[in-house]
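The values are calculated or read from the model by the stated rules, or taken from the named source; none is laboratory data. Here the structure is a predicted model, which means the values were calculated and not measured. Glycine also receives a Cβ, built like all others from the backbone with ideal geometry; neighbour counts cover every protein chain displayed.
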Amino acid sequence: MKRLFFVVLMLFVSSTIFAQRAEVLRSSVDKYLNIARNDNYVSFNPTATYDTVSVLWDVIISLEDVFDLTKSYCKFKLDSVAGTPVVTVRTFGKLFWNDAWTGIDSVSWAGTTADTTFKTETATATAYRFYKLSATADTAGHFKWKVNQAELKLFK
């Protein structure tokens, strides 16, 4: 009986030690992807229109069960609603929640067309657990712009 109790106790202790997961506050992340379950794509379709300089649109994506290095491919569709905005779209990544964001790629745009598509991507595979997609107006003026769609695709 002592052996049985000891074995059960050791199973409980070992499962507690090896089953730890890194969790972040659910309110601070916009979307979760689980790579182990082949959940590697997310799309956002925001509806807000922006009209001032330094306005930031961003989303944060958290990856769960990341065991392999992955590459990222991001696609942004921007729309100039009025005027000629100068907007920069950026992709960032970081390994731990407390780390600083590392810039992956960025593209600047000054245009008057609707549904202009840009892409950013990683040159090499990385082990980022968090991604941030952002768009920022870079110049002052009378203009309006919006993000029609933003996508993130991860692959090996």
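For the reader, a short list of remarks on this structure follows.
- Within the stretch 65-93, considering residues that are part of a strand (DSSP E or B) and of a type in the set (Ser, Thr, Tyr), the one surrounded by the most Cβ atoms within 10 Å (Cβ to Cβ): THR91
- Once the stretch 106-115 is narrowed to residues that are surrounded by fewer than 16 Cβ atoms within 10 Å (Cβ to Cβ) and not aliphatic (A, V, I, L, M), the residue that is modelled with the highest pLDDT is SER106.
- Scan of the stretch 137-156 for residues that are among the polar types (S, T, N, Q) and assigned to a loop (DSSP other than H, G, I, E, B), ordered by number: THR139
- No other residue among SER106, SER134 is assigned to a strand (DSSP E or B), over 12 Å from the mean Cα position of the chain (by Cα) and more than 22 Å from ASP68 (Cβ to Cβ) apart from SER106.
- Among the residues examined, LYS144 qualifies as of a type in the set (Lys, Arg) and farther than 22 Å from TYR41 by Cβ.
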